[in-house]
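Here the structure is laid out as structure tokens; the discussion comes afterwards.
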Amino acid sequence: MEASSREIRATGLSRTFKGGIDAVRGIDLSVNEGEVFGFLGPNGAGKSTTVRMLCTLLPPTSGEATVAGATIVSEAADVRRRIGVALQEIGLDPVQTGRELLELQCGLYGITGAEGRKRTDELLELVGLTEAADRRTKTYSGGMKRRLDLASALVHRPSVLFLDEPTTGLDPASRLTVWEEVRAINAGGTTVFLTTQYLEEADELCNRLAIIDAGTIVAGGTPEKLKGEIGNDVVSVALDGADAAETERAIGALPGLERVVAEGERLHLYVEDGASSIAEIVRKLDAAKTQVGAISVARPSLDDVFLEATGRRLEGARPEESAEQEEAA
Amino acid sequence: MTEVLLLGRRAVREVIRYPEATIPTLFIPLFFLAVNIGQVSETFPDTTPFLNGQGYAAFQLPVSLMFAVATATTGLALVTEIDNGYFDKLLVAPIKRTSIIIGRLGADLVRGIAASFVVVLAGLAFGVHIEAGIIGAIVLILLAAAFGVAYAGFGILVALKTRNVQATNTSFLLFFPLLFLTPNFVPFDRLTPVMETLARLNPVSYVIVGLRSLIIDGWVAKDLLIAIAVIAAMSVVLIGLSLRAIKTYDRN
Ligand SMILES: Nc1ncnc2c1ncn2[C@@H]1O[C@H](COP(=O)(O)OP(=O)(O)OP(=O)(O)O)[C@@H](O)[C@H]1O
Ligand SMILES: [Mg+2]
């Protein structure tokens, strides 16, 4: 059935904040049952605002959405029963222990008594916090907090799980752990809606993704399809002071050249066959006596997809830099 | 219902585990009790008519009780939770939003009873004799705690409306005029006309008068019923507004 195979469907979803900030500008989304759907975008793109709307925490200014078979505004209570949510800001009560927090969470979802204790033990095991279970969450490291938060979103075995930047601020090892957990949760049949600033993460985890920039979806599809649309290979020319337009003119028409994108001190040429193009490019630049720096060839990444869609790189998306960014905003 | 109990238990646990949030709130009332008595017991010896044969401590005890129970603790705990994001986790759970508030108020009742008990014990140590007896002492403690619960509604309201820790913290200052524009040092008829008018307009005055009647005069139905009515009215208004605030939180 149509309704059961689409776990999330949004049409024209928009949110304008007081003061006229259009955080989300009429987006359409469709997430299939059982998939890991990536929602990729830079700081301030509108990822969290979208998640908050889909989770019933924030009413949309316009547009509508159904999540797990219920509409987010008129059937919010049904949505809440069926979803699990780990928001961007890890919401933990510092005075409780990890175990107490999970048991309370179980209780709020109607899982009480021995059943709640059993589920708590299972989840502590799943996220590797059995040892630390009886310590107050205040004493947990960032990664432990993230994992506890993830566990608390799972108490009632939700059919849809929302994860808002689940790995931001984590070290590489902890990121891998969270990835494994997301895969395991998804393997158990849970549909996952995951936001991220990391292209690598989207590439690694997601069956399909949408790229959001300034409140608008600028590209969507499977990672392969998105990369495929860009072209087969990307030849990057370091300009080293050479003029971009002039260099582009010098290279001129190239067999299999699909598009050229100038980005700061580099020129990216999306071509069918990188290896043979390099030779051709070098020959043409020599002929035109244009001095450039290193020339390299690579397979296109989602980064290139983002660049192509927005004209910008996903700046600051390196794991170690982005931990505190939303605080400053 | 279960959710209210669970959330209430958590809030009580928070009180127990944060003694540094509760102990200072007890320091002020005990300090006032000791200092005021020390300073004015010569001026108002136990032959003073309005003391009915007791020391001045008996007259001050209700004021200290008010101080002990009317705190910004709950509002602060809530705004901290809003700030750190745990509040969102509760909002996204399939529970009635009002349970979050009712659970917290339940913890306020527990804390109010415990704090009032300590203050009454201190009063007894200062030689106060509760004219209405043991039952009177219990009613005294319960009424003080109920006042604390009503007052907590105000902190919760500020927390939900401002979502700002500083604002919620300073909202406590409002309590000073409410507590001092009252017959807190002397009865109504000993106040200057302006002060008397203000005090008679202040509902908290009647709570103090009611509690005081239990200590000094025994069972005075009129004073007690007015105090109960005032506490009930404050609860309806302040708790009512905070329940509405959480229902409409981020709803537009
Ligand atoms: N409560 C709010 N009031 C006003 N503006 C807001 C509010 N929440 C978010 N915004 C604005 O809406 C825009 C989108 O914010 P949002 O948090 O959805 O972005 P994001 O993609 O999650 O970014 P990040 O990667 O930094 O978390 C930003 O310009 C932000 O400043
Ligand atoms: Mg965000």
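If only one of A:ARG52, A:ARG80 is within 28 Å of A:GLY169 (Cα to Cα), open to solvent by 20 Å² or more (accessible area, probe 1.4 Å), touching a residue at least 12 places away in the same chain (Cβ under 8 Å) and more than 15 Å from ligand 1 (Cβ to nearest atom), which one is it?
None of the others qualify; the one that does is A:ARG80.
If you go through the stretch A:13-31 one residue at a time, do you hit one that is within 14 Å of another protein chain (Cβ to nearest Cβ), crowded, with 18+ Cβ neighbours inside 10 Å and either within 16 Å of ligand 2 (Cβ to nearest atom) or closer than 18 Å to A:VAL160 by Cβ (or both)?
Among the residues of the stretch A:13-31, at least one is within 14 Å of another protein chain (Cβ to nearest Cβ), crowded, with 18+ Cβ neighbours inside 10 Å and either within 16 Å of ligand 2 (Cβ to nearest atom) or closer than 18 Å to A:VAL160 by Cβ (or both), which makes the answer yes.
Can you tell me which of (1) within 15 Å of A:ILE90 (Cα to Cα); (2) within 17 Å of the chain's Cα centre (by Cα); (3) away from ligand 2 (no atom under 15 Å from the Cβ); (4) open to solvent by less than 10 Å² (accessible area, probe 1.4 Å) is the one A:LEU170 doesn't meet?
(4)
Suppose the filter is open to solvent by 30 Å² or more (accessible area, probe 1.4 Å) and in contact (Cβ under 8 Å) with a residue 40 or more places away in the chain; does B:PHE154 pass it?
So B:PHE154 fits the description; yes.
Across the stretch A:173-228, what is the number of residues that are β-branched (Val, Ile, Thr), modelled with pLDDT under 95 and within 10 Å of the chain's Cα centre (by Cα)?
Looking only at that region, the number is 3.
Determine, yes or no, whether A:GLU125 is under 30 Å from A:SER30 (Cβ atoms) and of a type in the set (Asp, Glu). Spell out how you get there, then give the answer.
On the way: under 30 Å from A:SER30 (Cβ atoms): no; of a type in the set (Asp, Glu): yes.
So A:GLU125 does not fit the description; no.
Select from the stretch B:101-118 the residues that are buried (at least 24 other Cβ atoms within 10 Å of the Cβ) and β-branched (Val, Ile, Thr) and list them in ascending order.
Within the stretch B:101-118, just B:ILE101 meets the criteria.
Go through the stretch A:75-91 and give me each residue that's of a type in the set (A, V, I, L, M, F, W, C) and either within 16 Å of ligand 2 (Cβ to nearest atom) or more than 18 Å from A:VAL192 (Cβ to Cβ) (or both).
A:ALA76, A:ALA77, A:VAL85, A:ALA86, A:LEU87, A:ILE90
Could you tell me which residue of the stretch A:3-42 is farthest from ligand 1 (Cβ to nearest atom), considering only residues that are of a type in the set (D, E, K, R) and in contact with a helix residue (DSSP H, G or I) (Cβ under 6 Å, 6 or more places away or on another chain)? Let's see the steps before the verdict.
Applying the first criterion (of a type in the set (D, E, K, R)) to the stretch A:3-42 yields A:6-7, A:9, A:15, A:18, A:22, A:25, A:28, A:33, A:35.
Then keep just the ones that are in contact with a helix residue (DSSP H, G or I) (Cβ under 6 Å, 6 or more places away or on another chain); that gives A:15, A:33.
Numbers: A:ARG15: 8, A:GLU33: 25 Å.
Among residues in the stretch A:3-42 that are of a type in the set (D, E, K, R) and in contact with a helix residue (DSSP H, G or I) (Cβ under 6 Å, 6 or more places away or on another chain), the one farthest from ligand 1 (Cβ to nearest atom) is A:GLU33.
Please work out which one of (1) modelled with pLDDT of 95 or more; (2) within 14 Å of chain B (Cβ to nearest Cβ) is the condition A:GLY46 fails and give its number.
The single condition A:GLY46 does not satisfy is (2).
Take B:LEU76 and decide whether it is open to solvent by 30 Å² or more (accessible area, probe 1.4 Å) and either within 14 Å of chain A (Cβ to nearest Cβ) or not in a loop (DSSP other than H, G, I, E, B) (or both).
On the way: open to solvent by 30 Å² or more (accessible area, probe 1.4 Å): yes; either within 14 Å of chain A (Cβ to nearest Cβ) or not in a loop (DSSP other than H, G, I, E, B) (or both): yes.
For B:LEU76, the condition - open to solvent by 30 Å² or more (accessible area, probe 1.4 Å) and either within 14 Å of chain A (Cβ to nearest Cβ) or not in a loop (DSSP other than H, G, I, E, B) (or both) - is met.
Every residue in the stretch B:1-45 that is modelled with pLDDT under 80 and part of a loop (DSSP other than H, G, I, E, B), please.
B:MET1, B:SER41, B:GLU42
Can you list residue pairs whose Cβ atoms sit under 6 Å apart, with the first residue in the stretch A:93-105 being facing chain B (nearest Cβ under 7 Å) and the second being of a type in the set (Phe, Trp, Tyr) and in a helix (DSSP H, G or I)? Count only pairs 6 or more apart in sequence or on different chains.
Hits for this filter: A:ASP93/B:TYR86.
Condition test on A:SER62, is it more than 9 Å from chain B (Cβ to nearest Cβ) and under 30 Å from A:LEU13 (Cα atoms)? Show your work before the answer.
Working: more than 9 Å from chain B (Cβ to nearest Cβ): yes; under 30 Å from A:LEU13 (Cα atoms): yes.
Considered against the rule, which asks whether it is more than 9 Å from chain B (Cβ to nearest Cβ) and under 30 Å from A:LEU13 (Cα atoms), A:SER62 comes out as yes.
State all residues of the stretch B:165-214 that are of a type in the set (Val, Ile, Thr) and either within 22 Å of B:HIS129 (Cβ to Cβ) or part of a loop (DSSP other than H, G, I, E, B) (or both); if no residue qualifies, say none.
B:THR182, B:VAL186, B:THR192, B:VAL207, B:ILE208, B:VAL209
In the stretch A:206-323, which helices (runs of 4 or more DSSP H) lie fully inside it and hold 1 or more residues that are among the β-branched types (Val, Ile, Thr) and within 30 Å of A:THR49 (Cα to Cα)?
Once the helices (runs of 4 or more DSSP H) in the stretch A:206-323 are filtered for at least 1 residues that are among the β-branched types (Val, Ile, Thr) and within 30 Å of A:THR49 (Cα to Cα), what remains is A:223-230, A:302-310.
Looking at (1) touching a strand residue (DSSP E or B) at 6+ places or on another chain (Cβ under 8 Å); (2) of a type outside the set (Asp, Glu); (3) at the interface with chain B (Cβ under 9 Å from one of its Cβ atoms), can you tell me which one A:ILE72 breaks?
Going through the list (1) touching a strand residue (DSSP E or B) at 6+ places or on another chain (Cβ under 8 Å); (2) of a type outside the set (Asp, Glu); (3) at the interface with chain B (Cβ under 9 Å from one of its Cβ atoms), A:ILE72 breaks only (3).
Just one of (1) touching a strand residue (DSSP E or B) at 6+ places or on another chain (Cβ under 8 Å); (2) over 16 Å from A:VAL31 (Cα atoms); (3) of a type outside the set (D, E, K, R); (4) more than 16 Å from ligand 2 (Cβ to nearest atom) trips up A:GLY215, so point out which.
Unmet condition: (4).
Exactly one condition in (1) open to solvent by 20 Å² or more (accessible area, probe 1.4 Å); (2) modelled with pLDDT of 90 or more; (3) away from chain A (no Cβ under 14 Å) is false for B:LYS96; which is it?
(3)
The values are calculated or read from the model by the stated rules, or taken from the named source; none is laboratory data. Remember, predicted model here, so these are calculated numbers, not experimental data. Reconstructed Cβ throughout: ideal geometry from the backbone, glycine too, with neighbour counts over all protein chains shown. Note: areas computed on protein heavy atoms with side chains; ligands, DNA, RNA excluded. Shrake-Rupley method; radii C 1.70, N 1.55, O 1.52, S 1.80 Å.
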